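Contents: one structure, followed by commentary.
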Amino acid sequence: MVKGQLIAVKAPPLFEKEYIYEVTGAGDKVIRATLQHSPKVKKHWTQEQFALLLEHGIVRLLD
């Protein structure tokens, strides 16, 4: 995970709609991201939480 990486995050409750976030920080403890084109909307996950979300398909990396 690197700063500037784009990720797609599925939104609850049905996880049908995806939002594109840009990673703003990827340290050893926390991954932070802002909604693309709307920097006021922010999310953060621990490394463990992010790994689980990737494994279950809630989050996916974009090229």
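The values are calculated or read from the model by the stated rules, or taken from the named source; none is laboratory data. Please read these numbers as outputs of a predicted model, since none were measured by experiment. Cβ sites come from the backbone with ideal geometry, for glycine too, and all protein chains shown count toward neighbours. For the accessible areas, the whole protein counts, side chains as well, though only heavy atoms, and no ligand, DNA or RNA atoms are used. Shrake-Rupley method; radii C 1.70, N 1.55, O 1.52, S 1.80 Å.
Worth a mention:
- Residues within region 37-59 that are surrounded by 12 or more Cβ atoms within 10 Å (Cβ to Cβ) and in a strand (DSSP E or B), tallied: 6
- Condition met for G27 (over 11 Å from the mean Cα position of the chain (by Cα) and modelled with pLDDT under 95): yes
- Of all residues making up region 3-36, the number that are free of Cβ contacts under 8 Å to residues at least 24 places away in the same chain, aliphatic (A, V, I, L, M) and open to solvent by less than 70 Å² (accessible area, probe 1.4 Å): 4
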